[in-house]
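Below is one structure, written out as structure tokens, with a few remarks after it.
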Amino acid sequence: VEARRVLEAIDAAMAQDGATLLTADESADIEKHRDSLELALETAVTLELKRLIRALEEASEFYVARRMDNSVKQALAGKQIDEVDV
């Protein structure tokens, strides 16, 4: 279940803004980890799935941070400091 959630989350994120926030090499690296996890789902080896989930999460940490930064930047665009609710 967790592996499917991780795959769905990374697929949705990359479909939304992967092309704008990732270089081709970064995207390929995340895809490599994603594909390894999906392949492991077919064999359903629990320890291997956990290792691959962690590997995909580690490989995409920087991307998650970029997405968060981008969301904050979009939310604050054109606003004065006194207009921002903290």
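Considering the conditions (1) modelled with pLDDT of 90 or more; (2) exposed (fewer than 10 other Cβ atoms within 10 Å of the Cβ); (3) within 21 Å of VAL1 (Cα to Cα), ASP25 is excluded by exactly one of them, (3). Return a yes/no flag: does the range 66-76 have any residue that is outside any helix (DSSP H, G or I) and over 25 Å from GLU31 (Cβ atoms). Scanning the range 66-76 turns up no residue that is outside any helix (DSSP H, G or I) and over 25 Å from GLU31 (Cβ atoms).
Okay, residues lined up against (1) of a type outside the set (A, V, I, L, M); (2) touching a residue at least 40 places away in the same chain (Cβ under 8 Å):
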{"position": "ARG5", "(1), (2)": "yes, no"}
{"position": "GLU8", "(1), (2)": "yes, no"}
{"position": "ALA13", "(1), (2)": "no, yes"}
{"position": "ASP17", "(1), (2)": "yes, yes"}
{"position": "ASP25", "(1), (2)": "yes, no"}
{"position": "LEU39", "(1), (2)": "no, no"}
{"position": "VAL45", "(1), (2)": "no, no"}
{"position": "ILE53", "(1), (2)": "no, yes"}
{"position": "SER60", "(1), (2)": "yes, yes"}
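Checked against the criterion of being modelled with pLDDT of 95 or more and assigned to a helix (DSSP H, G or I), the candidates ILE53, ILE30 yield just one match: ILE30.
The values are calculated or read from the model by the stated rules, or taken from the named source; none is laboratory data. All values derive from a computational prediction rather than experimental measurement. Because the Cβ atoms are built from the backbone with ideal geometry, glycine has one as well, and the counts that use them run over all protein chains shown.
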